[in-house]
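Reading through the structure tokens given below for one structure.
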Amino acid sequence: MTAFFKGLEKIKPLYDWTYKVLMVLCKLLLIGDVLITSWAVAGRYFDFITDPYWSEEIVLTFMAYMAVLSATLAIRRRSHIRMTALDKFLPKKLLVWLDLLADLSVMALGVLLVIYGIKFCNSPLSIRGKYASLPGLSKFWQYLPIPIAGVSMIVFELEQVFLRIESLVMWKTKEGGAQA
């Protein structure tokens, strides 16, 4: 079993690279949001700057991408919101099992996001629907963050699940070694 986890260590750079790519993408989306919003606000107050008519829909779309992608980044860093009030009163091994259950639940949510996100992306509303301010742009781009977030959640939760299982295996190995 230890060889299995050592093999998983070899793909850690792939997880690190994926994390960095998503982080850069979130940063670019935030920069785009700030620039477009600043342009729109300046256009409302200064006569020599024109307020882009498409700004609100694009900013909201960028925010949707940022929200779901940053949530997946929080999974990788284990910094997502969780209830920890009783953690100091519970046995450590039970906490690992509860964290594993939580990770599996979030992974199940990721699977649902992929399944239903793909359905939304292929729905008539997504395919034929257009942005009000940009009639050439399909609503598909508004629904695309859903399956992307699902895939990202599954990828990062897989890593967390394997880390939890590894800690349980190491725990069992230590207990077995102590009894022998």
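For this structure, a couple of remarks:
- Selected residue (criterion: modelled with the lowest pLDDT) from residues of the stretch 12-65 that are open to solvent by 70 Å² or more (accessible area, probe 1.4 Å) and among the β-branched types (Val, Ile, Thr): Thr50
- Where a residue in the stretch 28-54 is in contact (Cβ under 8 Å) with a residue 60 or more places away in the chain and its partner, wherever it lies, is of a type outside the set (Asp, Glu) and surrounded by 11 or more Cβ atoms within 10 Å (Cβ to Cβ), with Cβ under 8 Å and at least six apart: Tyr53/Ser133; Trp54/Tyr131; Trp54/Ser133; Trp54/Leu134
- Pairing each residue of the stretch 112-124 that is open to solvent by less than 80 Å² (accessible area, probe 1.4 Å) with any residue that is assigned to a loop (DSSP other than H, G, I, E, B) and of a type in the set (A, V, I, L, M, F, W, C), provided the two are 6+ apart or on different chains, yields C-beta distances under 9 Å for Gly117/Leu144; Cys121/Leu144.
- Filtered by the rule that a residue be open to solvent by less than 90 Å² (accessible area, probe 1.4 Å) and in contact (Cβ under 8 Å) with a residue 24 or more places away in the chain, the stretch 1-11 gives Thr2, Phe5, Leu8.
- Matching residues in the stretch 124-150 - criterion: being touching a helix residue (DSSP H, G or I) at 6+ places or on another chain (Cβ under 6 Å) and in a helix (DSSP H, G or I): Ser126, Phe140, Gln142, Tyr143, Pro145, Ile146, Pro147, Ala149, Gly150
- Matching option when the condition is of a type in the set (Phe, Trp, Tyr) and touching a Leu at 6+ places or on another chain (Cβ under 9 Å), among Phe89, Phe62: Phe62
- Long-range neighbours under 7 Å by Cβ, at least six apart or interchain, first residue under 19 Å from Glu159 (Cβ atoms) within the stretch 84-99, second of a type in the set (A, V, I, L, M) and in a helix (DSSP H, G or I): Val96/Leu168
The values are calculated or read from the model by the stated rules, or taken from the named source; none is laboratory data. Note that the coordinates shown come from a computational prediction; the quantities given were computed from them, not determined experimentally. Cβ sites come from the backbone with ideal geometry, for glycine too, and all protein chains shown count toward neighbours. Keep in mind that these areas ignore ligands, DNA and RNA; they rest on the heavy atoms of the full protein, side chains included. Shrake-Rupley method; radii C 1.70, N 1.55, O 1.52, S 1.80 Å.
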